[in-house]
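Readers should treat all values here as calculations from the given coordinates under stated rules, not as data from a laboratory. Just so it is clear, the model here is predicted, and its values are computed rather than measured. Ideal geometry is used to build each Cβ from the backbone, glycine not excepted, and the neighbour counts take in all protein chains shown.
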Amino acid sequence: MTFHPSQSNLTLIGMPGSGKSTIGVLLAKAMRMHFVDTDVCIQAGEGRSLREIIDARGLEGFLAVEEQYLLCLDGRNSVIATGGSAIYSEPAMRRLKASGPVVFLDVPLAELRRRLGDWHDRGVVLAGGDDLETLLQTRRPMYERYADFTLAGLNKSHEQIVTEVMRLLDILP
């Protein structure tokens, strides 16, 4: 895959706590691209936290809001860190894939638990009774389906992950 930052976007997908936002900022800086965090866009646009949107509109309502924001993303030359639930919208994922490569930051359950701590207030999209393990089992095949590249994110520094992504894209100087 030939990647041209000025003509393409780079999208990061993965579970909450996988490092999409942190790695996205570092990638954007290293690759001289813009950075977009879709969760931040949603919160700013709606004037509420993700948890407040989920509480007010329910899971399906939140997913509809998220899909609208994902479908409205415009531009090129951006690293896009999506919310963990972005993969529930096939139209949005098709649009993101059409704008450039998609990288799945894959982090194992134990590490996600460590990173997230009390994740219930974070605005994670969960069906009633689901836990983090069930959520990961449900989402992993979807992340893999949409990913052009999968990158294991355990036991690596942020800089190592950035370097690996740039190698995958064949853009290291």
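Please specify each residue of region 1-42 satisfying the condition of being over 20 Å from LEU151 (Cβ atoms) and surrounded by fewer than 17 Cβ atoms within 10 Å (Cβ to Cβ).
HIS4, SER6, GLN7, ARG32, HIS34, VAL40
Does region 93-118 hold any residues that are farther than 16 Å from VAL165 by Cβ and of a type in the set (Asp, Glu), and which are they?
GLU111, ASP118
Residues being of a type in the set (D, E, K, R), assigned to a helix (DSSP H, G or I) and either over 21 Å from GLY117 (Cβ atoms) or over 15 Å from the mean Cα position of the chain (by Cα) (or both): count how many of those fall in region 129-146. Talk me through it step by step, then tell me what you get.
First pass over region 129-146, keeping only residues of a type in the set (D, E, K, R): 130-131, 133, 139-140, 144-145.
Restricting the remaining residues to those that are assigned to a helix (DSSP H, G or I) gives 133, 139-140, 144-145.
Still in the list and also either over 21 Å from GLY117 (Cβ atoms) or over 15 Å from the mean Cα position of the chain (by Cα) (or both): 133, 140, 144-145.
The total comes to 4.
Give me the pairs: first residue in region 50-78 and touching a residue at least 60 places away in the same chain (Cβ under 8 Å), second residue surrounded by fewer than 13 Cβ atoms within 10 Å (Cβ to Cβ), beta-carbon distance under 7 Å, and six or more apart or on different chains, which are they?
Final answer for the pair search is ARG51/ASP121; LEU59/ALA127; ARG76/SER6; ARG76/GLN7; ASN77/SER6.
Of everything in region 61-100, what is farther than 28 Å from ALA30 by Cα and of a type in the set (Phe, Trp, Tyr)? Give them in sequence order. It would help to see each step written out before you state the result.
Of the residues in region 61-100, the ones farther than 28 Å from ALA30 by Cα are 61-65, 67-68, 88-91.
Listed by number, the residues that qualify are PHE62, TYR88.
List the number of the failed condition for TYR88; all other conditions in (1) in contact (Cβ under 8 Å) with a residue 60 or more places away in the chain; (2) surrounded by 17 or more Cβ atoms within 10 Å (Cβ to Cβ) hold.
Against the list (1) in contact (Cβ under 8 Å) with a residue 60 or more places away in the chain; (2) surrounded by 17 or more Cβ atoms within 10 Å (Cβ to Cβ), TYR88 comes up short only on (1).
With region 6-113 as the region, which strands (runs of 3 or more DSSP E) entirely inside it contain at least 1 residues that are polar (S, T, N, Q) and within 20 Å of LEU169 (Cα to Cα)? Give the steps one after another, and end with the answer.
Details: elements: 10-13, 34-37, 78-81, 102-106.
Counting at least 1 such residues, we get 10-13, 78-81.
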